[in-house]
Structure formats: C-alpha cells, structure tokens
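Please read the structure below before turning to the comments.
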Amino acid sequence: MRIDSSGNITQAAQPSFLARNAASATFNSNADILYPDANHNIGGHYNTSNSTFTAPVSGSYFVAWS
C-alpha cells in the first residue's frame with residue numbers, strides 16, 4: 001500500500017481471474033483443457049482464446065483445478 005501526494009491510499013495491482021469449463025470447452029493437440037469463459041478477469045491477464053494467464057507482477061499465485 002502507498003499513500004499518494006493527495007493522501008489517497010493506493011494498493012498494488014491484484015490481478016485475478018475465474019475461468020470455467022463450459023459445455024463449449026475444447027481440447028487442443030497437446031491435450032490441454034481450454035477454458036474459454038472467464039467469470040471475471042481483473043487486469044485482463046487471462047486470455048480466453050488460449051486459456052493462458054500471464055502474471056504481470058512477481059508474487060504468489062494460487063491456481064486450482066477440480
């Protein structure tokens with residue numbers, strides 16, 4: 001967290017996404033499961049066309065699959 005020159009508290013980028021495997025999900029030639037639908041995509045770092053997430057900042061990321 002930082003305080004800017006106006007006294008506003010700012011917070012670093014907190015990218016997140018929630019992708020889901022809808023009925024239209026497909027598999028590519030590498031046997032990857034593609035998740036073409038994102039319920040939210042804060043920061044726009046999740047690509048729904050190839051199901052990849054590009055981490056914009058270093059840190060810890062939690063990814064789960066079930």
For HIS45 and ILE3, what is the calculated FRET efficiency with R₀ set at 25 Å and r taken between the beta-carbons, to the nearest 0.05? 0.45
Counting only protein chains, not ligands or nucleic acids, how are SER5, SER16 ordered by accessible area (probe 1.4 Å), most first? SER5, SER16
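ASP37 to GLN14: extension gain in nm, 0.36 nm per residue of separation minus the Cα-Cα distance?
6.3 nm
The values are calculated or read from the model by the stated rules, or taken from the named source; none is laboratory data. These numbers come from a predicted model, not from an experiment. Here the Cβ is made from the backbone with ideal geometry for all residues, glycine too, and neighbour counts use every protein chain on show. The area values use the complete protein model at the heavy-atom level, side chains included, leaving out ligands, DNA and RNA. Shrake-Rupley method; radii C 1.70, N 1.55, O 1.52, S 1.80 Å.
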